[in-house]
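Here's the structure we're looking at; comments come further down.
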Amino acid sequence: MNLREIMELRDRLKSDLAVVEKFLVIAKRQGLAENGVLQTLSSDGPHQKTLAPLIRDVNKDYGSIGKTIVEAINLSPTEFTIVDVDEVLRNHLNRPLERSQIATVLARLARQDKVQIIKPKHGRRGATYRRLHE
């Protein structure tokens, strides 16, 4: 490797590092640092850093959202709404999800008779659910 190739490699690594730094800023802004997803970068050298812990967490197993919501339901009152589940996810489990995701899982759990709909949704008023013990 000659000096010119080394300098080109250094410049590419600097560019890659700048992209990674921008990604980290975006991830921190979106709250990934607070919920334990973003982990400390491991350094293998002066210019190499990896994001393996973050990438591994993004590719969660199938059904992990449902399992998380079931855990939040167990921490919620016996009668709850989507808002209650959302608050538990954000405040206690540090795993914020979109309310549409929560509603989808609750509808599926209602079809599976794992939760009962006490009051169906009507207009802007959301449904009220009851946790059923298995």
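The values are calculated or read from the model by the stated rules, or taken from the named source; none is laboratory data. All values derive from a computational prediction rather than experimental measurement. Methodologically, a virtual Cβ is constructed for each residue, glycine included, from the backbone with ideal geometry; neighbour enumeration extends over all protein chains shown.
Filter the stretch 98-129 down to the residues that are touching a residue at least 12 places away in the same chain (Cβ under 8 Å) and either more than 25 Å from the chain's Cα centre (by Cα) or over 17 Å from Asp86 (Cα atoms) (or both) and list them by number. Listed by number, the residues that qualify are Ala110, Asp113, Lys114, Gln116, Ile117, Ile118.
Residue-by-condition table, conditions (1) modelled with pLDDT under 80; (2) touching a strand residue (DSSP E or B) at 6+ places or on another chain (Cβ under 7 Å); (3) within 22 Å of Arg90 (Cβ to Cβ):
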position	(1), (2), (3)
Glu8	no, no, no
Asp11	no, no, no
Ser15	no, no, no
Thr40	yes, no, no
His47	yes, no, no
Arg56	yes, no, no
Tyr62	yes, no, no
Ile65	no, no, yes
Pro77	no, no, yes
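Answer with yes or no whether Gly36 is out of contact with any Lys or Arg (no Cβ under 6 Å at 6 or more places or on another chain), small (Gly, Ala, Ser) and modelled with pLDDT of 50 or more. For Gly36, the condition - out of contact with any Lys or Arg (no Cβ under 6 Å at 6 or more places or on another chain), small (Gly, Ala, Ser) and modelled with pLDDT of 50 or more - is not met. All of (1) touching a Lys or Arg at 6+ places or on another chain (Cβ under 7 Å); (2) at pLDDT 90 or above hold for Leu97 with one exception: (1).
Kindly evaluate Thr104 against the criterion of being in contact with a strand residue (DSSP E or B) (Cβ under 6 Å, 6 or more places away or on another chain), modelled with pLDDT of 90 or more and not aliphatic (A, V, I, L, M). Here the answer is no, as Thr104 does not meet what is asked.
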